[in-house]
Structure formats: C-alpha cells, structure tokens
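Heads up, the thing below is written out as structure tokens.
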Amino acid sequence: MILVAGFHVPSSTSQMTQEQCTHRNNVQSSEKPQVYKVGIYGWRKRCLYFFVLLLMILILINLALTIWILKVMNFTIDGMGNLRITEKGLKLEGDSEFLQPLYAKEIQSKPGRPLFLQSSRNVSVNIVNNNNKLLTQLVTGSSGFKARGKMFEVKSTSGKLLFSADEQEVVVGADRLRVMGAEGAVFSKSVETPHVRAEPFKELRLESPTRSLLMEAPKGIQILAEAGDIQAICRSELRLESKDGEISLDAQRIRLLQLPEGKASTSSSSSGTRQTVYEVCVCPNGRLFLSQAGTGSTCQISNNVCL
C-alpha cells in the first residue's frame, strides 16, 4: 500500500498505471512525424500547364494580328491609311468610296489637282434649311443634268454674267448667242434682242409656220443684206404699213410679178398691135394692177379689177 497526498492507493493499481504510461511512451516514440503536401499534382498540373501554354499562344497570335492590321491599315498618330487628321479637318488622299451620305462643310482637292466625283447612278447635292426643307438641288445622273432652285447663274472668271434664269426671265449676258442646231431656235413666246445676225456665209431665216411673225421697234427696224438677197414669203397676204411716215423702195430695178391686168371696155379699146408697155395703177383699196399704156392714163378705163 502506498500513501499519496493523504490518499490511500492500493499497490496493484499503481503498478498498472505505471505500465500503461510506459507503453504509451513507447508507442509515441516509435511513430514517425507525418508531412502534409500543399499544391496541384498529377493530371491537374499537366492540364494547368496546357491551358497556360494555349493562352500564351493565343496572346502571341492576337499580338501578331494586331501588328499586321496596324501595318496594313497604316495606322499612325495623324490618322489611318490615306486619311489624315489635321487642324483644319480631315485630309483624304487617293480614291475613296462612301457607302452612306457624306456631310461636310467644305470639300476641296489638293492644290493643283482636280476633284472627281464618280457614282454608278447619280451624284446629288442638296441644300436644306434648318427645318430640313429642300432649297436647292443639283442632280447629275445617267438621264442628264438637273438643277432646282430659285435662280441659276453662270458667270465668267472676271465676274461677268453669262447666263441667268429665274421664274421671271432668262438673261444671256454673253456678247453673242450662237445656235448651232439645223432647225435653228424655236421660241414659243416673244424674243427681245437688239441684233439678229446669221454667221458669215450662212442664211438668216425668220419663220412662223402656224402663226404670225411680228417685229416691233420704237426707233425703227433695219433689214440689211450686204452680199445677198432678202426674201419675204407668205401664203396669204404681205402687208407693209406705215402710220405716220412713208414706205420707200429704193433700187435700180423694182419688179412686181403676177399683177392682175385690167381690161379696158370694148368701145375704148384701140385696134392694132398688142401693147407691151403697161401702166401700174392703184385701186382705192390699195390694190395694184396693170393697165395698157396709152397716150394718157388708162387706169380709169381699166379699173374693173378694183370692183
């Protein structure tokens, strides 16, 4: 029996306790320390390396494509390709194609170079106001050239007006208007001009096929043919009228063709050879006729034409 701190412990019990402690110490001393590994190993590690390698390949391909695009499109600090960004706007060199409408304040070519506008259908230039209402339009297409606006003007380099047209009148400001058509010029209304002249060695013809032809001038009308003839042809009547003046026919020879011949009465007609000399007579209504000449005037006895 052993007395421990005032307790009474049997001897057999203390011997068992010492043996258990000795066995436990022996077991702990015989076991090795365990090491736990941290990380990815095996097939997971191989998959990770494969994905990292694939990602690097994609990055290299993307970088190569980006460099190739920059090289082909010619990207620079000033712009892209033939398009340059300047202080005044955009500068475009070479041929360009616009698939959508182009809005610009000013379009001009390079100094000393022409500006070409080309389209497979038409080229339209529209001018609108703040309400998007069409004011002026210029259309060039396969069918022709069309211009729409309140007024159309054409001026020379010196600023002289060459042509102007609006709703009221059409003005030709050139020194000479030349019509090259074989049929000439057709005017449905009146024409006001100070001078009408044909080209050298060409004929000038004024004709009204279905209506009348009227020439008016407050100070006179002069018809002059310096090296040719003047013909006035009509179907029914040709009238020369002067209200306050006179009509003068000044020529070396005046011919009046196809005038009717007045017949004298039988009692007053003289027998003998036929007369070849005639007298020009005038009826009260202004009609001209011929009468056989005699020793005196024979107009009174041959005035049956005037009836």
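The values are calculated or read from the model by the stated rules, or taken from the named source; none is laboratory data. These numbers were taken from a predicted model, which means no experiment stands behind them. Here the Cβ is made from the backbone with ideal geometry for all residues, glycine too, and neighbour counts use every protein chain on show. The area values use the complete protein model at the heavy-atom level, side chains included, leaving out ligands, DNA and RNA. Shrake-Rupley method; radii C 1.70, N 1.55, O 1.52, S 1.80 Å.
If you plug the beta carbon distance of LEU115 and VAL179 into 1/(1 + (r/R0)^6) with R0 = 25 Å, you get a FRET efficiency near 0.15. Region 50-121 and region 196-244 have Cα centres lying 68 Å from one another.
Let a ≥ b ≥ c be the square roots of the eigenvalues of the Cα gyration tensor of region 54-119; is it rounded (a/c under 1.5), or, if not, prolate (a/b larger than b/c) or oblate?
Prolate is the answer for region 54-119, as a/c is 1.5 or above and a/b outweighs b/c.
In this structure region 50-126 gives 102 Å² per residue of accessible area when probed at 1.4 Å with all protein chains present.
The spacing between region 283-303 and region 245-259, judged by their C-alpha centroids, is 17 Å. Packing-based ranking of 180-186, 249-255, 139-145 yields 139-145, 180-186, 249-255, ordered from highest to lowest mean Cβ neighbour count within 10 Å. Were the residues from ILE127 through VAL196 laid out at 0.36 nm apart, the gain over their Cα-Cα distance would be 20.9 nm. A protection proxy built from the mean count of other Cβ atoms within 10 Å ranks the segments 62-71, 231-240, most packed first, as 62-71, 231-240. Surface composition of region 32-136: carbon and sulfur atoms hold 61% of the protein heavy-atom accessible area at a 1.4 Å probe.
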